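Reviewing the structure listed below.
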Amino acid sequence: MIQTKATINFNKKLNAKYYQMSLTCPSIAKGALPGQFIHVDVASKKVFLRRPFSIYKAGGRNIEILYKIIGAGTEALSEKKKNQTLDIIGPLGNGYKTEEINKNDKVVLVVGGTGIASLFFLANRLNSKKLFLIGAKTKTELVNIKELKDIGCNVKVATDDGSKGYKGFVSSLLKKTVKKEKISYIYACGPKPMLKEIARISKSHKIPCQVSLEEHMACGVGVCMGCAVKIKEKESFEYKRACKEGPVFNGQEVIWE
Amino acid sequence: MTNPNLSINIAGIKLKNPVMLASGTCGYGEQYSELMDLDELGAVITKTITLHPQLGNAPPRTVETPSGMLNAIGLQNVGIEQFLYDTFPKLKKLTYAPVIVSIGGKTVQEYINLTEILNNVKEIAAIEVNISCPNIKMKNGCMFAQDAKSTHEVTKKVSSLAKHPVIVKLSPNVTDIGEIAKAAEEGGADVISLVNTFSGMLIDIDSRRPKLANVTGGLSGPAIKPLALKLVWEAANSVKIPVIGMGGIMNYQDALEYMIAGASAVVIGTANFIDPQTYKKVIKGIEQYMKKYKVKNLSSLIGSLR
Ligand SMILES: Cc1cc2nc3c(=O)[nH]c(=O)nc-3n(C[C@H](O)[C@H](O)[C@H](O)COP(=O)(O)OP(=O)(O)OC[C@H]3O[C@@H](n4cnc5c(N)ncnc54)[C@H](O)[C@@H]3O)c2cc1C
Ligand SMILES: Cc1cc2nc3c(=O)[nH]c(=O)nc-3n(C[C@H](O)[C@H](O)[C@H](O)COP(=O)(O)O)c2cc1C
Ligand code: FES
């Protein structure tokens with residue numbers, strides 16, 4: 001992990017709420033793995049702590065993030081301009097494990113909302129067959145689907161209002177999929193209720209599953225014990241740090257509340 | 001002018017500068033050794049260790065507040081045994097800076113046991129007796145540091161046994177800090193440090209539930225600085241032993257305010273989360289201030305409020 005001042009190459013508006021930002025930071029770009037994140041000082045008087053964002057792309061000297069405005073921190077980020085710098089720490093956390101994935105495996109990546117960021121990065125590095133399931137409230141929230149197709153993903157969409165693709169939750173779409181096809185692995189990133197349901201489906205179909213959890217973070221580097229996730233441990237449980245042992249966990253190890 | 005002298009000896013704890021990292025905000029050095037030069041620090045204060053491992057509180061454990069944060073970690077730690085076997089040796093390899101070990105307990109006996117165990121460990125610079133964690137309470141629901149008699153009792157037991165200098169860490173959640181500070185001094189404390197966090201809470205109006213699973217937590221960061229500064233000033237005026245000051249220090253100016261108010265050293269806590277380089281900027285800033293005002297030694301700065 002390093003702390004560095006990264007220069008903004010672009011900060012592009014994708015739709016009403018979603019933005020994509022590119023940052024020059026060679027030392028982070030070099031070692032970054034899918035599932036890892038950066039901790040960003042958005043340098044705004046309106047927010048105090050840093051804000052964590054998954055690495056969406058990493059290559060050469062640059063990394064990219066993809067974010068949605070949900071409060072003062074992301075709002076401040078959206079106002080940043082090209083050539084401004086941001087103080088960032090990264091790459092942080094443990095990424096997705098992929099050792100068990102073979103070329104002929106069929107892997108399903110399930111995302112809700114901004115979960116697309118870390119799983120795009122993963123999909124880009126996987127050379128297996130990839131089915132990408134995206135959940136959104138409505139079709140105008142969907143972003144960068146073409147990029148996913150370009151890297152060889154079969155993309156299916158679920159919207160709550162049925163404005164595009166399957167009408168309903170993306171977890172229901174996953175359920176239908178695993179009933180029909182032989183799936184060897186599931187990766188998921190998104191809101192907790194969605195992840196909980198996906199972990200349940202993966203368990204009942206005996207498909208291994210990794211989930212990335214977006215916990216509230218303070219330090220982001222593992223010193224404060226603030227980002228605790230309840231993880232099964234023998235007969236009992238223990239709290240692990242989302243920023244250090246996570247944010248990616250085995251879906252069956254997480255104790256969902 | 002020759003370079004100002006930033007070193008200070010606080011009750012036998014030799015610091016090369018008066019800037020330390022706060023308990024609970026630097027873990028055990030492992031992560032920050034990648035981002036900081038720990039050797040440059042006056043001292044490192046470890047996360048509070050208890051006799052037995054603690055699971056900690058349910059999440060969410062932290063929440064941002066205007067200019068600060070609330071935490072209710074619940075002292076998650078590996079316990080003294082694992083600490084001495086594994087964590088402490090690792091930390092000692094990471095830095096030459098003095099290591100101050102923070103201890104916490106639910107009963108006086110636990111503090112006694114911890115002190116006796118640490119007596120066998122030479123490499124410790126001092127122990128900080130955390131009697132002010134909002135998450136460890138006595139039977140009556142108070143912290144030791146909220147009651148002069150309890151403060152005196154714990155301090156006396158620990159001080160009479162300890163082979164290391166004893167720092168007693170006080171709570172800001174009291175009506176008369178001078179009285180508590182004196183109780184620690186009379187109990188035999190070598191140094192007092194303050195403040196620990198202020199008790200606080202936040203509510204989510206949509207769910208009408210508290211934002212922390214523990215309902216209440218401890219407030220830290222710049223939000224508490226003026227409150228904490230006043231308490232440090234009062235405490236320093238009430239006792240003769242050295243005082244270590246903290247609470248919302250974000251830059252060297254904040255640190256200097258604490259020293260002028262009477263603190264012999266300063267501690268950086270929540271600021272580490274925002275900028276792990278804060279310590280460096282604070283040390284440099286103090287040095288430049290001393291040059292500017294031709295202050296040769298810290299002692300002519302400490303408690304120099306006009
Ligand atoms: C490892 C990790 C990776 C992340 N990756 C991305 C990403 O790639 N793109 C992206 O847009 N966002 C991502 N997030 C979430 C992002 O950090 C938050 O959206 C951001 O911190 C919100 O800041 P804010 O100041 O705009 O909102 P705030 O004012 O802090 O929050 C607005 C509201 O959202 C809630 N909230 C904030 N953060 C979270 C959270 N982590 N979980 C649940 N509720 C929350 C708050 O309680 C509040 O009600 C990630 C989070 C983590 C921990
Ligand atoms: C996340 C967090 C954890 C803390 N844990 C401890 C602890 O274990 N023991 C202790 O004595 N103080 C603990 N503190 C209190 C700090 O050491 C310090 O007294 C307080 O935060 C005020 O300083 P600050 O405003 O600079 O952070 C903790 C503070 C924070 C923010
Ligand atoms: S956010 Fe501090 S330990 Fe994870």
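Okay, residues lined up against (1) under 20 Å from A:Val143 (Cα atoms); (2) part of a strand (DSSP E or B); (3) modelled with pLDDT of 95 or more:
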| position | (1), (2), (3) |
| --- | --- |
| A:Val47 | no, no, yes |
| A:Ala58 | yes, yes, yes |
| A:Ile63 | yes, yes, yes |
| A:Leu66 | yes, yes, yes |
| A:Leu86 | no, yes, yes |
| A:Pro91 | no, yes, yes |
| A:Glu99 | no, no, no |
| A:Asn102 | no, no, no |
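Matching residues to (1) within 14 Å of chain B (Cβ to nearest Cβ); (2) within 16 Å of ligand 1 (Cβ to nearest atom); (3) within 15 Å of the chain's Cα centre (by Cα):
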site	(1), (2), (3)
A:Leu119	no, yes, yes
A:Ala123	no, yes, yes
A:Lys167	no, no, no
A:Ile186	no, no, yes
A:Lys203	no, no, no
Check: For region A:216-242, what are the residues that are within 7 Å of another protein chain (Cβ to nearest Cβ) and either under 19 Å from A:Gly90 (Cα atoms) or among the acidic types (Asp, Glu) (or both)?
Finding: A:His216, A:Ala218, A:Cys219, A:Val221, A:Gly222, A:Val223, A:Cys224, A:Met225, A:Gly226, A:Glu238
Item checked: Filtered residues of region B:69-84 (kept if within 13 Å of B:Gln54 (Cβ to Cβ) and either under 17 Å from the mean Cα position of the chain (by Cα) or facing chain A (nearest Cβ under 9 Å) (or both)) -> B:Ala72, B:Ile73, B:Gly74, B:Leu75, B:Gln76, B:Asn77
Next item on the list: Within region B:73-85, work out how many residues are touching a residue at least 40 places away in the same chain (Cβ under 8 Å) and near ligand 2 (Cβ under 9 Å from one of its atoms).
Entry: 2
Item checked: Where A:Val157 falls short, out of the listed (1) surrounded by 15 or more Cβ atoms within 10 Å (Cβ to Cβ); (2) more than 14 Å from every other protein chain (Cβ to nearest Cβ); (3) within 23 Å of A:Glu99 (Cβ to Cβ) -> (3)
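So, B:Ser199, is that one among the small types (Gly, Ala, Ser), within 25 Å of B:Thr65 (Cβ to Cβ), more than 10 Å from ligand 2 (Cβ to nearest atom) and under 18 Å from the mean Cα position of the chain (by Cα) or not? Before you say what the answer is, go through the steps one by one.
Numbers: among the small types (Gly, Ala, Ser): yes; within 25 Å of B:Thr65 (Cβ to Cβ): yes; more than 10 Å from ligand 2 (Cβ to nearest atom): yes; under 18 Å from the mean Cα position of the chain (by Cα): yes.
It is true that B:Ser199 is among the small types (Gly, Ala, Ser), within 25 Å of B:Thr65 (Cβ to Cβ), more than 10 Å from ligand 2 (Cβ to nearest atom) and under 18 Å from the mean Cα position of the chain (by Cα).
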Item checked: Restricting region A:230-257 to residues that are surrounded by fewer than 21 Cβ atoms within 10 Å (Cβ to Cβ) and β-branched (Val, Ile, Thr), the residue that is nearest to B:Cys26 (Cα to Cα) -> A:Ile231
Notebook entry, point to check: Within region A:5-63, can you find the residues that are out of contact with any strand residue (DSSP E or B) (no Cβ under 7 Å at 6 or more places or on another chain) and either assigned by TED's automatic domain parsing to the domain that holds A:Val143 or of a type in the set (D, E, K, R) (or both)?
Noted result: A:Lys30, A:Lys45, A:Lys46
Margin query: Every residue in region A:222-238 that is out of contact with any strand residue (DSSP E or B) (no Cβ under 8 Å at 6 or more places or on another chain) and β-branched (Val, Ile, Thr), please.
Written below: A:Val223
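Just checking, does region B:54-73 include any residue being of a type in the set (A, V, I, L, M), more than 27 Å from A:Arg51 (Cβ to Cβ) and at pLDDT below 95? Full working, then the answer.
Step one: list which residues in region B:54-73 are of a type in the set (A, V, I, L, M), which gives B:55, B:58, B:63, B:69-70, B:72-73.
Going one step further and asking which of them are more than 27 Å from A:Arg51 (Cβ to Cβ), we end up with B:55.
Then drop every residue that is not at pLDDT below 95, which leaves B:55.
Yes, region B:54-73 contains at least one residue that is of a type in the set (A, V, I, L, M), more than 27 Å from A:Arg51 (Cβ to Cβ) and at pLDDT below 95.
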Notebook entry, point to check: Quick one: what pairs do we get from region B:32-51, first residue within 12 Å of another protein chain (Cβ to nearest Cβ), second aromatic (Phe, Trp, Tyr) and away from ligand 3 (no atom under 16 Å from the Cβ), C-beta under 7 Å, 6+ apart or different chains?
Noted result: B:Met36/B:Tyr279
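Could you please find all residues in region B:86-101 being within 14 Å of chain A (Cβ to nearest Cβ) and in contact (Cβ under 8 Å) with a residue 60 or more places away in the chain?
So the first thing to find is which residues in region B:86-101 are within 14 Å of chain A (Cβ to nearest Cβ), and the list is B:87, B:90-91, B:94.
B:Lys90, B:Leu91, B:Leu94 - these are the residues of region B:86-101 that are within 14 Å of chain A (Cβ to nearest Cβ) and in contact (Cβ under 8 Å) with a residue 60 or more places away in the chain.
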Next item on the list: Please find, within region B:27-47, the residue that is farthest from B:Ala125 (Cα to Cα) out of those that are hydroxyl-bearing (Ser, Thr, Tyr) and surrounded by 24 or more Cβ atoms within 10 Å (Cβ to Cβ).
Entry: B:Tyr32
Check: Would you call B:Lys294 surrounded by fewer than 17 Cβ atoms within 10 Å (Cβ to Cβ), assigned to a loop (DSSP other than H, G, I, E, B) and in contact (Cβ under 8 Å) with a residue 40 or more places away in the chain?
Finding: yes
Notebook entry, point to check: Which condition breaks for A:Phe48 when tested against (1) without any contact (Cβ under 8 Å) to a residue 12 or more places away in the chain; (2) surrounded by fewer than 17 Cβ atoms within 10 Å (Cβ to Cβ)?
Noted result: (2)
Note to self: Just checking, does region B:103-126 include any residue being surrounded by fewer than 18 Cβ atoms within 10 Å (Cβ to Cβ), among the hydroxyl-bearing types (Ser, Thr, Tyr) and at pLDDT below 95?
What the structure shows: yes
Next item on the list: Working carefully through the options B:Gly248, B:Gly269, find the one that is within 16 Å of ligand 3 (Cβ to nearest atom) and within 14 Å of chain A (Cβ to nearest Cβ).
Entry: B:Gly269
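Residues are listed down the side, and each one gets a yes or a no for (1) basic (Lys, Arg); (2) in contact (Cβ under 8 Å) with a residue 40 or more places away in the chain; (3) closer than 26 Å to B:Val78 by Cβ:
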| residue | (1), (2), (3) |
| --- | --- |
| B:Thr115 | no, yes, yes |
| B:Lys122 | yes, no, yes |
| B:Ala125 | no, yes, yes |
| B:Val129 | no, yes, yes |
| B:Cys133 | no, yes, yes |
| B:Ala145 | no, yes, yes |
| B:Lys163 | yes, yes, yes |
| B:Leu170 | no, yes, yes |
| B:Gly178 | no, yes, no |
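If a residue counts only when it is closer than 20 Å to A:Glu100 by Cα, within 16 Å of ligand 3 (Cβ to nearest atom) and touching a Leu at 6+ places or on another chain (Cβ under 9 Å), which strands (runs of 3 or more DSSP E) contained entirely in region A:170-257 have at least 2 such residues? I'd like the intermediate steps shown before the answer.
Details: elements: A:185-189, A:209-212, A:228-233, A:236-241, A:248-250.
Filter on region A:170-257 gives A:248-250.
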Next item on the list: Identify all residues within region B:267-294 that are among the hydrophobic types (A, V, I, L, M, F, W, C), under 16 Å from B:Ser23 (Cβ atoms) and more than 16 Å from ligand 1 (Cβ to nearest atom); write none if there are none.
Entry: B:Val267, B:Ile268, B:Ala271
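The values are calculated or read from the model by the stated rules, or taken from the named source; none is laboratory data. It should be emphasised that the depicted structure is a prediction, and the values quoted were computed from it without experimental measurement. All Cβ positions, even for glycine, are placed from backbone atoms using ideal geometry, and neighbour counts span all protein chains on display.
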